[in-house]
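Notes for the one structure printed next.
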Amino acid sequence: MAVRDKSATIGASGIEQLHLSVAKQCTVEIRQPRDTLTLSRRKNGVNLDLIEDDPNFTGLLTSQTIPWGTIRALGPQGLQILYRVRTGRDVTLVPEFEFED
């Protein structure tokens, strides 16, 4: 039910949680840097999968967020990330930002 632009920095572990969702569908799209991170999804602390088809965009269905699900980014320590989170009825399941050469 919201669209939010956020930022994060990859920590010493090389993994940063970008979004935690509780019983609501959600998507995360990386705005910057494009094509340099690996996104993954988890349900209740168990890895669902690594995102391979579009490294800049992924989402969780409502059923994957009961009771909770997370989207994480894997990358080099200290990397600054700008990204957009959509939740609830604002989820479009379509990436917004075009690939830039």
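Taking Cα extents along the principal axes in Å as the quantity of interest, determine which of (i) 83, 17, 16; (ii) 44, 25, 25; (iii) 32, 29, 23 was computed from the displayed structure.
After the calculation, the listed value that fits is (iii).
In nm, give the distance between the simple-model label positions of K6 and R89, each being 7 Å from the Cα along the Cα-to-Cβ direction.
Rounded to a tenth, the inter-label distance reads 2.2 nm.
Along the charge dipole of the range 17-101, Cβ charges K/R +1 and D/E -1, which of Q32, W68, T58 sits furthest on the positive end?
W68
If I model a spin label as a point 7 Å beyond the Cα along the Cα-Cβ vector, how far apart are those points for L50 and Q17 in nm?
With each label placed 7 Å out from Cα toward Cβ, I get 2.2 nm.
Using a 1.4 Å probe on the protein heavy atoms, what percent of the accessible area of the range 40-101 belongs to carbon and sulfur?
The nonpolar share, carbon plus sulfur, comes to 53 percent.
Report the convex hull volume per residue for the range 46-101, counting only C-alpha atoms, in Å³.
127
How large is the accessible surface per residue of the chain, computed with a 1.4 Å probe and reported in Å² as a whole number?
On a per-residue basis, the chain sits at 56 Å².
The values are calculated or read from the model by the stated rules, or taken from the named source; none is laboratory data. What you are looking at is a predicted structure, and each value in this text was computed from that prediction instead of being measured. Positions of Cβ are generated from backbone atoms using ideal geometry, with glycine treated the same way; all protein chains shown enter the neighbour counts. Each accessible area value is taken on the protein alone, full model and side chains, heavy atoms only, with ligands, DNA and RNA left out. Shrake-Rupley method; radii C 1.70, N 1.55, O 1.52, S 1.80 Å.
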